[in-house]
């Protein structure tokens, strides 16, 4: 099992988008946060299957994310 960091962004229209920094081009979208999480999980699986089928190496997860709180 591989654990990739995903970035989730709320869109101006109220939906959500997500991407995987360690897998360029791997994105997912959804109307809700739950939906985008399901869609990005499927996108990651599909992306990795495609890489394996093409004989490409699977990139290791290198990206980390943290929330940093700043007093404004």
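The values are calculated or read from the model by the stated rules, or taken from the named source; none is laboratory data. Predicted model only: the values in this text are computed from it and were never measured. With ideal geometry, Cβ positions are generated from the backbone for all residues, glycine too; neighbour counts draw on all protein chains shown.
Annotations
- Taking the numbered list (1) out of contact with any helix residue (DSSP H, G or I) (no Cβ under 9 Å at 6 or more places or on another chain); (2) modelled with pLDDT under 95 in turn, residue 51 passes all entries but (2).
- Candidate set: segment 11-23, residues that are outside any strand (DSSP E or B), modelled with pLDDT of 95 or more and out of contact with any helix residue (DSSP H, G or I) (no Cβ under 7 Å at 6 or more places or on another chain); chosen: the one farthest from residue 63 (Cα to Cα): 15
- Here is the figure for segment 36-66: residues that are loosely packed, with under 15 Cβ neighbours inside 10 Å, touching a strand residue (DSSP E or B) at 6+ places or on another chain (Cβ under 9 Å) and in a helix (DSSP H, G or I) total 3.
- Test for residue 72: is it out of contact with any helix residue (DSSP H, G or I) (no Cβ under 6 Å at 6 or more places or on another chain) and either modelled with pLDDT of 95 or more or surrounded by 10 or more Cβ atoms within 10 Å (Cβ to Cβ) (or both): no
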